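The values are calculated or read from the model by the stated rules, or taken from the named source; none is laboratory data. As the structure is a computational prediction, the values presented were derived from the model and not from experiment. Reconstructed Cβ throughout: ideal geometry from the backbone, glycine too, with neighbour counts over all protein chains shown.
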Amino acid sequence: MQLRIDKDVLLLGSQHFADYPDMFSRIAGIETTWPAALINVLDAKNVAVTGNGVVNARGKFCWDLYWAMRKDYDKKGLRWIVDYDAKRVRTLLVQNSEDVTIKGLTFKNAGFWTVQLLYSTRLTVDGIIIKNNEAGTGPSTDGIDVDSSTWTLIENCDIDCNDDNFCLKAGRDWDGLRVNKPTEYVVIRKCIARKGAGLVTLGSETSGSIRHIYCSDLSAKHTDNGLRIKSATTRGGTVEDVYFVNSVLDSVRNAYQFNLNWYPAYSYSELPKGYHIDSVPQHWKDVAKGNSCRKGIPHTKDFYIYNVKSPMHKKHLR
């Protein structure tokens with residue numbers, strides 16, 4: 001099966017949540033129901049999504065929902081669950097699939113993550129362009145998320161987004177340990193990250209482990225971080241055997257950011273006074289179980305970093 005979106009073809013995403021029916025998936029490390037993506041490759045083999053056309057998700061309706069909910073949830077001490085209640089639309093989802101190629105397309109203005117590769121294997125993402133900041137600054141508009149998937153090649157891509165550019169994930173806390181599927185054997189090469197939170201980010205969902213990763217010939221241009229490793233003390237898993245080599249970091253805030261106690265207000269779940277665990281939705285319970293996770297300490301080891309250059313003066317790097 002091939003979906004081909006040719007040059008001069010523009011695919012516009014609906015701006016109505018009702019047009020994205022709920023399905024079972026995983027978001028930010030937790031299995032739950034979530035709106036279908038604009039383009040979905042589900043339980044499939046030998047599929048290609050290609051062409052030189054443009055997919056504009058027109059995701060501002062998702063951004064507006066999220067910021068409105070954040071104002072309310074932050075006041076109530078519920079920062080840790082708002083990302084799961086604000087059900088925003090992904091642009092392209094590959095789930096439970098094999099031998100999938102995504103090539104050549106330009107994606108714009110994702111409502112949430114742009115390309116999620118979930119529970120899949122033998123994947124190629126080649127030469128795609130992501131422009132998620134044309135209609136404003138959208139929260140959580142990741143570029144490419146490799147999520148508990150294996151044998152993945154990402155090359156010749158150019159990403160401008162408002163969160164992690166190339167991100168590897170493997171489940172969150174109790175639920176991620178239950179699923180226990182790693183992200184492994186991933187090559188990212190000859191790619192550019194422009195605006196975004198991390199050229200290459202490992203985590204924060206590390207529970208199923210992330211390993212055997214090779215990143216080479218990459219370029220960061222005004223990206224917040226070069227190599228970013230993040231997790232939490234409830235998350236578990238191991239991040240290991242990671243190569244980050246032969247790359248150039250231009251005008252980044254941090255060449256390397258390493259934080260295994262990342263963003264506590266989001267990473268750790270605690271019900272405020274007035275709420276009881278028996279009366280909240282199931283996905284709240286699943287996220288809250290992370291606080292009692294006994295295998296929570298994540299481990300990192302065997303990183304190989306060499307020939308990584310930054311034109312910036314040393315005093316600007318931290």
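Within segment 18-43, the set of residues being surrounded by 20 or more Cβ atoms within 10 Å (Cβ to Cβ) and among the hydroxyl-bearing types (Ser, Thr, Tyr) comprises Tyr20, Ser25.
Just one residue in the set Ala86, Ala18 is touching a Cys at 6+ places or on another chain (Cβ under 8 Å) and either within 23 Å of Tyr275 (Cα to Cα) or without any contact (Cβ under 8 Å) to a residue 12 or more places away in the chain (or both); that residue is Ala86. Scanning for something over 16 Å from the mean Cα position of the chain (by Cα) and either within 24 Å of Val9 (Cα to Cα) or of a type in the set (Lys, Arg) (or both), does segment 81-97 turn up at least one residue? No: segment 81-97 contains no residue that is over 16 Å from the mean Cα position of the chain (by Cα) and either within 24 Å of Val9 (Cα to Cα) or of a type in the set (Lys, Arg) (or both).
Inside segment 1-84, counting only strands (runs of 3 or more DSSP E) that do not spill past its ends, which hold 3 or more residues that are more than 28 Å from Asp286 (Cα to Cα)? By residue number, 2-4, 10-12, 45-50, 54-56.
Being closer than 22 Å to Asn165 by Cα, of a type in the set (Val, Ile, Thr), at pLDDT 95 or above and outside any strand (DSSP E or B) is a description that applies to Thr223.
Entry remark, segment 148-177: residues being more than 15 Å from the chain's Cα centre (by Cα) and more than 18 Å from Gly203 (Cβ to Cβ) number 6 in total. With the structure loaded, tell me whether Val100 is under 23 Å from Ala170 (Cβ atoms), free of Cβ contacts under 8 Å to residues at least 60 places away in the same chain and not in a loop (DSSP other than H, G, I, E, B) or whether it fails that test. In short, yes.
Got at least one residue in segment 281-301 being without any contact (Cβ under 8 Å) to a residue 60 or more places away in the chain and hydroxyl-bearing (Ser, Thr, Tyr)? No, segment 281-301 contains no residue that is without any contact (Cβ under 8 Å) to a residue 60 or more places away in the chain and hydroxyl-bearing (Ser, Thr, Tyr).
The combined condition, being touching a Ser or Thr at 6+ places or on another chain (Cβ under 8 Å) and among the hydroxyl-bearing types (Ser, Thr, Tyr), is not fulfilled by Ser140. Do we have any residue at all in segment 301-318 that's under 20 Å from the mean Cα position of the chain (by Cα), aliphatic (A, V, I, L, M), at pLDDT 95 or above and closer than 24 Å to Cys161 by Cα? For segment 301-318, residues under 20 Å from the mean Cα position of the chain (by Cα), aliphatic (A, V, I, L, M), at pLDDT 95 or above and closer than 24 Å to Cys161 by Cα: absent. Among the residues making up segment 103-121, a single one is assigned to a loop (DSSP other than H, G, I, E, B) and β-branched (Val, Ile, Thr): Thr114. Among the residues of segment 1-30, which ones are of a type in the set (A, V, I, L, M) and either over 23 Å from the mean Cα position of the chain (by Cα) or farther than 22 Å from Asp64 by Cβ (or both)? Scanning segment 1-30 gives Met1, Leu3, Ile5, Val9, Leu10, Ala18, Met23, Ile30.
Scanning segment 103-139 for residues that are among the aliphatic types (A, V, I, L, M) and free of Cβ contacts under 8 Å to residues at least 40 places away in the same chain yields Val115, Leu117, Leu123, Val125, Ile128, Ile129, Ile130. What about His283, is it at pLDDT 95 or above, touching a helix residue (DSSP H, G or I) at 6+ places or on another chain (Cβ under 7 Å) and surrounded by 11 or more Cβ atoms within 10 Å (Cβ to Cβ)? Here the answer is yes, as His283 does meet what is asked. Restricting segment 203-219 to residues that are of a type outside the set (Ser, Thr, Tyr) and on the phi > 0 side of the Ramachandran plot, the residue that is surrounded by the fewest Cβ atoms within 10 Å (Cβ to Cβ) is Asp217. Can you find, within segment 184-202, the residue that is nearest to Gln257 (Cα to Cα) among those that are surrounded by fewer than 24 Cβ atoms within 10 Å (Cβ to Cβ) and of a type in the set (A, V, I, L, M)? Per the criteria, the residue is Ala197.
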